[in-house]
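Undergrad: Questions regarding the structure given below will be posed in turn.
The values are calculated or read from the model by the stated rules, or taken from the named source; none is laboratory data. These numbers were taken from a predicted model, which means no experiment stands behind them. Cβ sites come from the backbone with ideal geometry, for glycine too, and all protein chains shown count toward neighbours.
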Amino acid sequence: MSLGVNFIYGIMKVINWAMGEFFMVGAYVQYLLIVLFLGVRYWYIGVFIAALSTFFLGAFVQKILIKPMFIGIIEEKTEYATIVTIALAILFRNLAILIGGPYIYTPPDYAPPTHIGPLPLSGNNFIAFIGTIVILAFFFYFLKKTWIGKAFQAVSQNRTGVLTAGIDVLKFDTIAFGIGTALAGAGGALLAPVLLVYPLCGVIPTVRGFEIIVIGGLGSIPGVFIAGLSLGIAESLGAAFINPSFIDIYGFGLLMLILLIKPYGLFGKPERSV
Amino acid sequence: MISAMLKVEQVTSGYVEGIDILTDVSLEIGDGMITGMIGPNGAGKSTLLKVIFAFLNPRQGKILFEGQEIQNYLPSQLKWMGMSYVPQGFSIFPQLTVEDNLLLGAWIFRRNKKLLEQRLKEVYEFFPLLRERRKEKATYLSGGFLRMLCIGKEIITKPKLLLIDEPSEGLAPKIVKEIYNFLLKVKEQGTTIFLVDQNIMKALEVSDYMYLLEMGQIKQRGPKEEFEEHIREIIRDSLISR
Amino acid sequence: MVKVKLTYLVSTLFLLIALVLPIFLTDYWIYALTITYYYVVMAVTWNLLGGYTGQFSLSHHTFAVIGSYTSALLIIQTGMPLWTGMLSSWIFNAIISVLLGILCLRMRGIYLALTTWAFAEIVKTYIRMDFEFTGGDRGLKTALFFKTINPLPYYYLFLGFAVLTIIVIALIMHSRIGYYLRAIRNDEVAAQTMGVNIVRWKVFAFMAASVFASIAGTLYGHFTGLISPVSGEFYEMALIIIFVVIGGMRSQAGPVVGAVSVRFLAEILKKWPEVRMVILAAVVILIMRFFNGGIMEFVRRVVQRAKRGERREPVSAYERKE
Amino acid sequence: MNSERHPLLTIENLVKDFGGLRAVNNVSLNLTEGEIHGLIGPNGSGKTTMINLVTGIYKIDHGAIYFFGNRIDGLQPNIIAGKGIMRTFQISRVFKDMTVLENMMVPALSQKQSMAEARKRSEELLEFALLTRLKDEPAKNLSGGQNMLLQIVRGFMNKDLRLYLLDEPFAGVHQVIKGVILRTIKKMNEEKGITFMVVSHELTTIQYLCHQISVLHRGEMIAQGTMEAVANDPQVIDAYLGG
C-alpha cells in the first residue's frame, strides 16, 4: 500500500490521498469475483483481476485529472493535487455506500486456520502475508529486470535524460499511476477476508500507509521497508511501556517527531528551492 | 553548397512570455560536418538546442530536418527520425548501471535484440573504458566518464544528427581533449554534429563551419578558417563592442 | 469605489435577512442555520490559512474539537464557571497552535499537509481511547450555554460570532498583514527579501485561524450539549475544504457563500446522505479541474462583464494565458 | 553617519561550498557609496551565488560581509532588507496573484510606512516607470519585461535603500523597457546616491552603466577595474575563451 503511494510520488511527485479508496475498490472487486464467479479456491485469480481493474481505474483517473498538471495548465500543483485526491476519496467512498450499501461483507476464508509451530494463525492472515511477499517479489522483479521497470526508475531519477532517450514521459506517468493504484487494489483483494469489505475499509490501510511513507521519506522505495519496521517497533515499545490502548498514537508521534528533525523523512531528498 | 540536414528559419523563442531569448535566428547544419556555435553565455545557445529537440516550441519560425517541418514534433518522434541530443549537465541515470543507461538510450529499438547487441558492442568499442565498468552504478563514475556515458547513450541509436551542448563543461583539460577526439570519431562514422560550446578554442579546432551567437542573434558565420585568425579580437570586441 | 459600496450594500442586506429569518422558520431550520454559521466561521478562518497564506493545514477541525473538549472537561472536572472554562480553553488552544505553527514553519506543501493530518489523527485517537477521561465514543455531556434547549438564542450567538469573524478576517486581509500573508503564499523567498518577517506572520496566521476555530468549537460544544470524537474525523476537514473550494478559494466572501450554499444543498438532500456527498465531491473536482474560481469567481466575471462590457476576459487563477 | 569611514560594502575572502563544489572561492570586494559596480563572468562563475550570500539567502561557509562596517552575514534576509539592501532575481519573482500596486506596497509596508504614504509613493514610482496604466492588473498578466521592470521599481519602495543588487536585469528584455530600466538606475543613483551592483551578460550595457567592473571566473575574482582595463586583461579573454 505504502509502496504504491511512494511509487507514484517517486515518478510524479504527487501524493494520492485517495489510495485507500483504490484499496477498497480492490476489496469489493475481489469479493464480487469470489462470491459470483470464482469461488474461494481461485482467490489468487481474483487478486490479479482486482489489481488489473484498479490499474485501469487509476490510469483513467490520471488521464483526466492528474495529467493536466504536467501540461502546465495547473500552477499551484500541490494544492490542486491534494484537494482533487481528497474529493476523489469522498466520491468513491460514498459511491460504495450507494452501490453496496453501508453493510460489511465478509468473504469466505481463503484457507482454513493453520498454525506454524505453537502459533495459531488464521488462514487469511497467512495467505495475506504470503500474497504480499509474492506481489512484492513480482514488483521488484518487474522494477529491476524488465525494460519498462528500468524505464520507470529512469523517469524517477532524471526526467530530461528520459526525454532525450525518446521515452514518452507522459504515457509513463499514466502507467505509473495505474501501477500504484493496482498495488493498492491487490492489497485490498488480499486483505479482504482480514479487514472485511465495507465502504471505509480503505481508511485504516491509508493511515498505516502514510505513516510509513512519511517516516521513510517520500519517493524512496527502500525507505518504505525501514519505516515499516521502525513503526512496528515504536508501536510495540509504546504499547509495552506507556499504554496499550494508545497504540495508534505512537505511530503518529513517531511521524511528527521525524518530520520535526528531518522535514523530508529519513531517506527523502530535499527539493532545493532557491 | 552541401545539402543541409537541418535548417532553422527565423526562429524566435523564450521560456517566459514577453522575453525572447532568441530573435529571428536562421542557420543551416551541413551534412556530415561538425557545425559549431560559440557565444557568451546567456546568448541563447542552449535555448536553440532545446527548440530544435522540441523541449520548447518556438513562438515563430520553422525548423526543417531533411526537408520536413519538425517544430511541433515530440522529442520521442525526433529520436525515431534519427536525431539525438546531449543536453548541458548530465542526462544519465545515477542509480542505474552503465549498461542499463546505454540500453535505455536505445529505447526505440529495444525489441530488436540483434540490433541492440550489435550497437552496444559498437559503443563499447568506441568507449572501451565504459565496457570495463559496465556493471557499476553510474553515480560512482568520475565527471569525464559520465560525459562519455552521456554521449554513448545518445549515439547508440546511430543518429543522423547529434546535438551536443557544452561537452567540456566542468572537466579537467586532459579529459576535455579526449571528449573532442571522440566527437571527431563520431563524425567519421557519418554522423552530422551540431556543437554548442563555451570552450571557443576547442570548438574551433573541431568544427568545419562556425556561428557566433550574441544576445539571441547570429552576429557572425563562416567557415572555420575565417574565424581562426582573429578570434582574440572577436572576443575583445564582444567584451567592449563599440 | 463602486465595488466597495456594492459589497457593503449586499452584505448588510444579507445580515438583515439573517436577523429576521428565525421568525419564519421552524426550530429544525433554526438549528440547521446555526450549524451553518459554525461552518461559515470554520471555512472563513481556514481560507485565511489554506487559501491566503498557502499553509495547507489539515488539522483545522481538530482545533475546534480541542476547543470543545477542553472547555467541557474543565467545567466538568473542576466545576469552574462556564466563561472561565471557555476562556482557558481558548488560551490553551492558542498555545498549542503556536507550537504547531512553529513546528510546521520549515515545511511546505505536502509535508505540511501530512504533519497536520498526523496531528489531527493523534487528537482524534486520544479522545476515542482515553474514555474514562474524555468519554470516548460515548461522547461527553456539556453544560448548555443558555441553559435552554430552544435554538433561538444560539442562532443569534452564532450569527453574531460568524459576522464578527468575517469582519475581523476582512480587516486582517485589508491591513498590511493581509499583504504579508498573500506575499508569503505567492513566493516566500521573495517576500523575505522584501523585508517580510515570514516566520512571525506564518505563525500568526496559524494561531489566528486556530484560535477562531477553537472558539467556534467551544460554542458548538455548549450548543449541542453532547460532543463526540466524530467531529475529529477527516470527513469534517474535507467538508471545510469543500465549502471554501466551491465558494471561491481566495476571496473574502467565497467561504461564506460556499458554506451557506453547500449546507443548504445538504439540508435538502438530507434523506440521501451518500448522493449528497457524491454530488459535492464531483462538483469540487469539476471546479478544481476546469473552472478554478468557484462561485465568487463566476460572480466576479459576471459583474466585470456587466460593468466593463466585453473589455477583456479576466483570467482565473489557474488557467495560463494562451 | 558613519558611512564616510567605512566603505558601503566590504566582502572579505568569502567562501561557499555546495557539496564538494566550491561555488565561491576566497572572493574579496569593496563597494564605495554612490558607485554602480558591474559583476560579469562566464556561466557558472558564482555571480548569482554572491548575491544570494550578501542578501542572506545562502549562509556563508567562511569570510565576512560588512555593511557600513557592521557584519551582516548570518542575518535573515528580511533583516538585511530592513537595513537597506534590496535585490532582484534573474527570473523575476513578483507576487503573481497580487496587483502591480499591491506588489509595490509590500516592501514599504514591511518598513512600517503607513498605508496612505506607501500608496502615494507607489503611485509616484509607477508613474515614473510608465506602469501606471497596469496599476490594478494582477502581476501574472504582465509580460516578462514588464515583470522585470516591476520587480526593479518595487525595490525602490524601501525608504532607506542604500544598496541595490540587480541579477540580470536586462536578459531578453524588450528595448523600450530596457531604456526605462537604465533611466531608472541612472536617476536613482545620481539623485538619491543609491549604490548598485549589476550582474549581467550584456557587456555593452554594463560598459555604458558601470563605473567599476569585477570579473568572476569559476568562483574566483580574476580582474577588477574600469571596463577598458578589464577587457584588455589577457586573463579575462582566456576566461571567456573557456580556458
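Undergrad: Which residue out of D:Q146, D:Q212, D:Q207 is within 24 Å of C:A190 (Cβ to Cβ) and crowded, with 17+ Cβ neighbours inside 10 Å?
TA: On the way: D:Q212 fails: within 24 Å of C:A190 (Cβ to Cβ); D:Q207 fails: within 24 Å of C:A190 (Cβ to Cβ).
The match here is D:Q146.
Undergrad: Further question on the same structure: What number of residues within the range D:119-131 are at pLDDT below 85 and in a helix (DSSP H, G or I)? Give the derivation first.
TA: So the first thing to find is which residues in the range D:119-131 are at pLDDT below 85, and the list is D:128-131.
Adding the requirement that they be in a helix (DSSP H, G or I) leaves D:128.
Total meeting the criteria: 1.
Undergrad: Report whether or not C:I287 is surrounded by 20 or more Cβ atoms within 10 Å (Cβ to Cβ), touching a residue at least 12 places away in the same chain (Cβ under 8 Å) and away from chain D (no Cβ under 14 Å).
TA: Details: surrounded by 20 or more Cβ atoms within 10 Å (Cβ to Cβ): yes; touching a residue at least 12 places away in the same chain (Cβ under 8 Å): yes; away from chain D (no Cβ under 14 Å): yes.
In short, yes.
Undergrad: Here are some conditions: (1) within 14 Å of chain D (Cβ to nearest Cβ); (2) in contact with a strand residue (DSSP E or B) (Cβ under 9 Å, 6 or more places away or on another chain); (3) of a type outside the set (D, E). B:F90 meets all but one. Which one does it not meet?
TA: (2)
Undergrad: Which numbered condition trips up B:Q118, out of (1) closer than 20 Å to A:T164 by Cα; (2) without any contact (Cβ under 8 Å) to a residue 60 or more places away in the chain; (3) more than 12 Å from chain A (Cβ to nearest Cβ)?
TA: B:Q118 satisfies every listed condition except (1).
Undergrad: Name the single residue, out of those in the range C:224-238 being at the interface with another protein chain (Cβ under 9 Å from one of its Cβ atoms) and not aromatic (F, W, Y), that is nearest to the chain's Cα centre (by Cα). Write out each step before concluding.
TA: We begin by selecting, within the range C:224-238, every residue at the interface with another protein chain (Cβ under 9 Å from one of its Cβ atoms); these are C:234-235, C:237-238.
Adding the requirement that they be not aromatic (F, W, Y) leaves C:237-238.
Values: C:M237: 9, C:A238: 11 Å.
Looking at residues that are at the interface with another protein chain (Cβ under 9 Å from one of its Cβ atoms) and not aromatic (F, W, Y), I get C:M237.
Undergrad: I'd like the full set of residues that are within 11 Å of chain B (Cβ to nearest Cβ) and in contact with a Gly (Cβ under 9 Å, 6 or more places away or on another chain), limited to the range D:206-229.
TA: Within the range D:206-229, D:I206, D:Q207, D:I213, D:V215, D:R218, D:M227 meet the criteria.
Undergrad: Evaluate the following for C:S261: is it assigned to a loop (DSSP other than H, G, I, E, B), modelled with pLDDT of 70 or more, farther than 30 Å from B:Y15 by Cβ and more than 8 Å from every other protein chain (Cβ to nearest Cβ)? Spell out how you get there, then give the answer.
TA: Details: assigned to a loop (DSSP other than H, G, I, E, B): no; modelled with pLDDT of 70 or more: yes; farther than 30 Å from B:Y15 by Cβ: yes; more than 8 Å from every other protein chain (Cβ to nearest Cβ): yes.
Answer is no for this residue.
Undergrad: If only one of B:I29, B:I38, B:I21 is more than 14 Å from chain D (Cβ to nearest Cβ) and either aliphatic (A, V, I, L, M) or in contact (Cβ under 8 Å) with a residue 40 or more places away in the chain (or both), which one is it? Steps first, please.
TA: Numbers: B:I38 fails: more than 14 Å from chain D (Cβ to nearest Cβ); B:I21 fails: more than 14 Å from chain D (Cβ to nearest Cβ).
On inspection, the qualifying residue turns out to be B:I29.
Undergrad: When residues of the range D:66-104 are filtered for being basic (K, R) and in contact with a Lys or Arg (Cβ under 7 Å, 6 or more places away or on another chain), how many remain? Break it down into steps so the answer makes sense when it comes.
TA: Our first condition is that a residue be basic (K, R); within the range D:66-104, this holds for D:71, D:83, D:87, D:93, D:96.
Filter again for in contact with a Lys or Arg (Cβ under 7 Å, 6 or more places away or on another chain), leaving D:96.
Qualifying residue count, the range D:66-104: 1.
Undergrad: Taking the range C:159-181 as the region of interest, how many residues are under 17 Å from C:Y52 (Cβ atoms), in contact (Cβ under 8 Å) with a residue 60 or more places away in the chain and among the small types (G, A, S)?
TA: First, the residues of the range C:159-181 that are under 17 Å from C:Y52 (Cβ atoms): C:165-181.
Within this subset, residues satisfying the condition of being in contact (Cβ under 8 Å) with a residue 60 or more places away in the chain are C:165-166, C:169-170, C:172-173, C:178, C:181.
Filter again for among the small types (G, A, S), leaving C:170, C:178.
Counting residues in the range C:159-181 that are under 17 Å from C:Y52 (Cβ atoms), in contact (Cβ under 8 Å) with a residue 60 or more places away in the chain and among the small types (G, A, S) gives 2.
Undergrad: A further question follows. So, in the range B:195-221, of the ones that are assigned to a strand (DSSP E or B) and among the hydrophobic types (A, V, I, L, M, F, W, C), which residue ends up farthest from the other protein chains (Cβ to nearest Cβ)?
TA: Taking the range B:195-221 and keeping what is assigned to a strand (DSSP E or B), we get B:195-196, B:209-214, B:217-221.
Applying the additional criterion that residues be among the hydrophobic types (A, V, I, L, M, F, W, C) yields B:195-196, B:210, B:212-213, B:218.
Numbers: B:L195: 12, B:V196: 12, B:M210: 14, B:L212: 12, B:L213: 12, B:I218: 16 Å.
Restricting to residues being assigned to a strand (DSSP E or B) and among the hydrophobic types (A, V, I, L, M, F, W, C), the top hit is B:I218.
Undergrad: Cβ-Cβ under 8 Å, sequence separation 6+ or interchain: first residue in the range C:182-204 and within 9 Å of chain D (Cβ to nearest Cβ), partner part of a helix (DSSP H, G or I) and among the acidic types (D, E). Which pairs?
TA: Within 8 Å, the pairs are C:R182/D:E102; C:I198/C:E188.
Undergrad: Within the range B:137-146, can one find any residue that is more than 9 Å from every other protein chain (Cβ to nearest Cβ), free of Cβ contacts under 8 Å to residues at least 12 places away in the same chain, farther than 26 Å from D:L21 by Cβ and not aliphatic (A, V, I, L, M)?
TA: Checked against the condition, which is being more than 9 Å from every other protein chain (Cβ to nearest Cβ), free of Cβ contacts under 8 Å to residues at least 12 places away in the same chain, farther than 26 Å from D:L21 by Cβ and not aliphatic (A, V, I, L, M), the range B:137-146 yields no hits at all.
Undergrad: Regarding D:P138, is this residue of a type outside the set (A, V, I, L, M) and either more than 9 Å from every other protein chain (Cβ to nearest Cβ) or over 27 Å from B:G14 (Cα atoms) (or both)? Talk me through it step by step, then tell me what you get.
TA: On the way: of a type outside the set (A, V, I, L, M): yes; either more than 9 Å from every other protein chain (Cβ to nearest Cβ) or over 27 Å from B:G14 (Cα atoms) (or both): no.
Considered against the rule, which asks whether it is of a type outside the set (A, V, I, L, M) and either more than 9 Å from every other protein chain (Cβ to nearest Cβ) or over 27 Å from B:G14 (Cα atoms) (or both), D:P138 comes out as no.
Undergrad: Mind listing just one residue for me: the one in the range C:128-148 that is assigned to a helix (DSSP H, G or I) and out of contact with any strand residue (DSSP E or B) (no Cβ under 8 Å at 6 or more places or on another chain) and, of those, farthest from the other protein chains (Cβ to nearest Cβ)?
TA: Only one residue fits best here, namely C:R138.
Undergrad: Search the range A:130-152 for residues that are within 11 Å of chain B (Cβ to nearest Cβ) and pair each with any residue that is outside any helix (DSSP H, G or I) and crowded, with 16+ Cβ neighbours inside 10 Å when their beta-carbon atoms are under 6 Å apart and the residues are at least 6 apart or on different chains.
TA: A:A151/A:I167
Undergrad: Moving to a separate point now. Output the number of the condition that D:I206 fails; it satisfies all remaining conditions of (1) more than 16 Å from the chain's Cα centre (by Cα); (2) in a helix (DSSP H, G or I).
TA: Among (1) more than 16 Å from the chain's Cα centre (by Cα); (2) in a helix (DSSP H, G or I), D:I206 violates only (1).
Undergrad: Please enumerate the residues belonging to the range A:153-182 that are more than 7 Å from chain B (Cβ to nearest Cβ), within 20 Å of the chain's Cα centre (by Cα) and not aliphatic (A, V, I, L, M).
TA: Selection gives A:S156, A:F172, A:D173, A:T174, A:F177, A:G178, A:G180, A:T181.
Undergrad: I'd like the full set of residues that are without any contact (Cβ under 8 Å) to a residue 40 or more places away in the chain and either of a type in the set (V, I, T) or more than 7 Å from chain A (Cβ to nearest Cβ) (or both), limited to the range C:109-127.
TA: C:I110, C:T115, C:I122, C:T125
Undergrad: Tally the residues that are assigned to a loop (DSSP other than H, G, I, E, B) and either touching a Cys at 6+ places or on another chain (Cβ under 9 Å) or surrounded by 24 or more Cβ atoms within 10 Å (Cβ to Cβ) (or both), restricting the search to the range D:157-169. Even if it seems obvious, please write down each step before you answer.
TA: We begin by selecting, within the range D:157-169, every residue assigned to a loop (DSSP other than H, G, I, E, B); these are D:157-162, D:168-169.
Pick out the ones that are also either touching a Cys at 6+ places or on another chain (Cβ under 9 Å) or surrounded by 24 or more Cβ atoms within 10 Å (Cβ to Cβ) (or both) and you get D:157, D:169.
So the answer is 2.
Undergrad: Going through the range D:1-24 one residue at a time, which ones are at pLDDT below 70 and among the basic types (K, R)?
TA: D:R5, the sole residue that qualifies.
Undergrad: Something else now. Please go through the range D:136-160 and pick out each residue that is closer than 17 Å to D:L182 by Cα and of a type in the set (K, R). Spell out how you get there, then give the answer.
TA: Applying the first criterion (closer than 17 Å to D:L182 by Cα) to the range D:136-160 yields D:144-156.
Once the filter is applied, which keeps residues that are closer than 17 Å to D:L182 by Cα and of a type in the set (K, R), the range D:136-160 yields only D:R154.
Undergrad: Also, I was wondering about something else. Among residues belonging to the range B:181-225 that are hydroxyl-bearing (S, T, Y) and more than 16 Å from B:E154 (Cβ to Cβ), point out the one that is nearest to the chain's Cα centre (by Cα).
TA: The first filter runs over the range B:181-225 and keeps only residues hydroxyl-bearing (S, T, Y), leaving B:191-192, B:207, B:209, B:211.
Next, from what is left, pick out any that are more than 16 Å from B:E154 (Cβ to Cβ): B:207, B:209, B:211.
Working: B:S207: 12, B:Y209: 15, B:Y211: 14 Å.
My answer is B:S207.
Undergrad: Any idea which of (1) surrounded by fewer than 21 Cβ atoms within 10 Å (Cβ to Cβ); (2) under 30 Å from C:F204 (Cβ atoms) is the one C:Q77 doesn't satisfy?
TA: C:Q77 satisfies every listed condition except (2).
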